[in-house]
Ligand code: GLC
């Protein structure tokens with residue numbers, strides 16, 4: 001596992017996640033589309049990101065915003081056509097930007113032809129069926145077949161059958177992983193992957209990648225399945241990357257993925273960093289203070305420990321991806337954390353050896369908008385995911401330049417705040433969050449020490465957080481409101497350091513101490529490269 005190669009483009013990636021419904025609407029129907037994204041590629045190129053990850057673009061009845069796929073080989077008409085995707089991939093590559101799609105392998109829509117056939121044919125085992133209802137979770141058949149099916153997420157998302165890791169005579173619906181239905185599903189998975197790779201996409205974010213084989217202790221059979229896919233990819237498509245939605249990189253990378261996220265819903269690690277328990281949040285996740293919060297009651301230690309553990313397990317075989325936010329949880333700007341407070345989070349994101357993943361709009365400080373109604377399954381129990389899915393704010397024209405449709409026809413309303421940030425205003429304002437993010441992206445992409453391969457040495461694990469990258473660069477991050485000070489190790493000799501980016505409000509004293517004002521950060525070149533232990 002440890003000698004597996006990761007495509008260089010992934011190791012150098014600054015990923016930008018586009019929720020296609022909400023990015024740019026070219027045809028005035030109120031919903032974003034691929035030609036809309038094409039028209040904004042020059043902006044993304046100016047920003048400096050080099051990978052786009054799209055949420056699902058496939059045909060769907062949109063019971064879960066496209067995570068309920070009804071045809072894996074067709075682009076949803078509301079986003080455009082396959083030709084539009086091909087044109088976009090080509091135009092993006094001309095600008096040095098790769099495109100990743102979202103692959104939903106664990107379930108389909110209940111309107112997918114495979115499921116319709118399965119719901120009418122008692123002999124079909126591509127989904128998981130029981131004649132009796134094992135628990136409330138199982139959903140009554142909607143076809144000629146009697147019985148109940150197992151959903152993977154919402155009831156409209158029947159689980160594809162990849163088999164069970166263990167048989168149980170009391171549960172006759174279990175099938176082994178090599179039964180005909182699971183074998184057909186595994187073959188279909190490769191067909192889907194190959195189809196889109198052949199059209200020029202570079203890889204996939206893989207939805208609920210952990211969920212395939214059921215009752216699978218330590219996910220061993222699921223790992224076997226993905227490792228088979230990986231072995232095939234390494235031979236047939238070695239430049240392709242699979243980025244798991246698993247939330248446990250130390251398990252998912254050995255299972256075959258090139259990278260995986262630290263995520264909000266899987267343990268406290270991501271939340272301990274910048275999940276501020278506001279916005280789209282489940283009470284059971286707790287309210288422990290996060291590190292990037294103005295009151296400064298958090299600590300980076302939990303994150304750092306998880307980081308060390310994941311890196312030790314993975315070695316050079318893959319990466320940990322770190323999202324600012326995504327379509328399932330709150331943006332950085334949420335509740336008590338305002339746009340003027342989040343620049344240090346970007347400084348951390350773009351100088352840490354993880355894969356930085358920027359959720360569209362976070363780079364201008366778009367906020368999580370509370371109080372919106374459900375849209376296409378966005379309300380998931382207590383999680384109001386719609387608050388993170390509002391249209392991109394481009395300029396001061398109607399609908400913030402997102403769409404020419406009447407405001408009432410938009411996918412979700414524009415943030416009603418009259419002071420909402422826009423791309424246009426921030427591009428015109430040197431020092432804006434957008435310019436800071438751009439400068440940080442430039443610094444990362446032009447300074448290998450700040451990327452995934454540079455070594456890491458944490459020299460102060462509190463407020464401020466201080467670390468050395470690649471033995472050549474010092475990073476100071478103060479995410480709280482109050483000034484923070486710390487001594488620097490003598491070996492760094494930092495008194496004449498050159499500031500690469502940031503630095504407002506950060507002082508490196510002659511005696512080797514750092515003082516960082518509230519919400520400040522700085523990235524410095526160390527005068528004499530030091531040992532990076
Ligand atoms: C993933 C997606 C989420 C979706 C779910 C079911 O967690 O990120 O948006 O609802 O899977 O596919």
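Summary value for the range 214-373: 19 percent relative contact order, contacts being C-alpha pairs under 8 angstrom separated by 6+ residues. Contact order for the range 108-159, expressed relative to its length and based on alpha carbon pairs under 8 Å spaced 6+ residues apart, stands at 37 percent. Computed extension length for residue 250-residue 120: 42.7 nm, one decimal, from 0.36 nm per residue of separation with the Cα-Cα distance subtracted. Taking Cα atoms only, the orientation of helix 301-314 departs from the longest principal axis of the chain by about 60 degrees. Sort all Cα-Cα distances of the range 108-159 into consecutive 10 angstrom bins from zero, then give the percent of pairs in each bin up to the one containing the longest distance. It works out to 31, 62, 7, in whole percents. Between the range 388-416 and the range 138-193, the C-alpha centres lie 40 angstrom from each other. Measure nothing fancy, just the Cα-based angle from helix 180-198's long axis to the longest principal axis of the chain, in degrees from 0 to 90, nearest 10. Roughly 50 degrees, rounded to the nearest 10. Going by neighbour counts of Cβ atoms within 10 Å, the residues 198, 228 line up, fewest first, as 198, 228. Based on Cα atoms of the range 284-329, Rg over Rh with Rh as the Kirkwood radius reads 1.04.
Radius of gyration over Kirkwood radius for the range 309-386, both on Cα atoms: the Rg/Rh ratio is 1.05. How far is the Cα center of the range 417-438 from the Cα center of the range 473-515, in Å? Taking the Cα centre of the range 473-515 as reference, the centre of the range 417-438 is 26 Å away.
Ranked by how many other Cβ atoms sit within 10 Å of their own Cβ, fewest first, the residues 375, 507 fall in the order 507, 375. Ordering 349, 41 by the number of other Cβ atoms within 10 Å of each residue's own Cβ, fewest first, gives 41, 349.
The orientation-averaged projected area of the convex hull spanned by the Cα atoms of the range 455-525 comes to 4.0 nm².
With Cα atoms as the point set, the chain shows a radius of gyration and Dmax of 23.4, 80 Å. Remark: spin-label model distance residue 195-residue 397 equals 3.6 nm, labels positioned 7 Å along the Cα→Cβ axis.
In the chain, the longest principal axis of the Cα atoms and the axis of helix 220-236 are about 80 degrees apart. Calculated FRET efficiency, residue 428 and residue 499, Cβ-Cβ r, R0 22 Å, to nearest 0.05? Rounded to the nearest 0.05, the efficiency is 0.35. From the alpha carbon centroid of the range 227-299 to that of the range 43-105 is 22 Å. Full extension of the segment from residue 132 to residue 374, taken as 0.36 nm per residue of separation minus the current Cα-Cα distance, would add 83.9 nm.
Extending 7 Å from Cα along the Cβ direction at residue 234 and again at residue 442 yields two label points whose distance is 4.0 nm. In percent, rounded to a whole number, the relative contact order of the range 455-525 is 33, using alpha-carbon pairs under 8 Å and six or more apart. Here the range 261-311 has an Rg and Dmax of 10.6, 30 Å, counting Cα atoms alone. Where both bridge residues fall in the chain, DSSP classifies roughly 60% of the beta bridges as antiparallel. Working note: 222 nm ellipticity from helices only, DSSP H runs with n ≥ 4, each -39,500 (n - 2.57), summed and divided by the residues of the chain, gives -6500 deg cm²/dmol to the nearest 500.
Since every read-out is calculated from the coordinates, none of them should be taken as a lab result. What you are looking at is a predicted structure, and each value in this text was computed from that prediction instead of being measured. Note that we place each Cβ from the backbone using ideal geometry, even for glycine, and neighbour counts take in every protein chain shown.
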